[in-house]
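Engineer: Handing you this structure, nothing more for now.
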Amino acid sequence: MSSENQSTVPNMAEVIRPVPPLEPLTYSVTETARVLGVSLPTVYRLIARRLLKPLPGLRHKRVSKRQVHAYINSGQPLAV
């Protein structure tokens, strides 16, 4: 009887499945510079020229990943 009971109880590996890590939706200014291959001052200039728009209401500037990739795909030069 005890062998039947043990076969119906799932082991912990079956119950707990690892959750894949979430992919971030935004970049910090440093991450944006690394993705674009430019310096930090250049990213701040792009923000000042409104070519990149940081998310509002945050203490630190964060740029959406979608916006950075749209800027890359737009073909605009990264001229300072």
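FYI, it's all coordinate maths here, none of it is from the lab. This one's a predicted model, so the numbers in the text were calculated from it and none came from an experiment. Here the Cβ is made from the backbone with ideal geometry for all residues, glycine too, and neighbour counts use every protein chain on show.
Engineer: How do Arg50, Arg62 line up, fewest other C-beta atoms within 10 Å first?
Structural biologist: Details: Arg50 7, Arg62 18.
Fewest-to-most ranking of Arg50, Arg62: Arg50, Arg62.
Engineer: When a footprinting reagent is the concern and you count Cβ atoms within 10 Å, what order do Val43, Val38, Val29 take, fewest first?
Structural biologist: Details: Val43 27, Val38 15, Val29 18.
Result, fewest neighbours first: Val38, Val29, Val43.
Engineer: Let me ask something else about it. Taking the Cα-to-Cβ direction at Ser28 and at Gln76 and moving 7 Å from each Cα, how far apart do the two end points lie in nm?
Structural biologist: Rounded to a tenth, the inter-label distance reads 2.5 nm.
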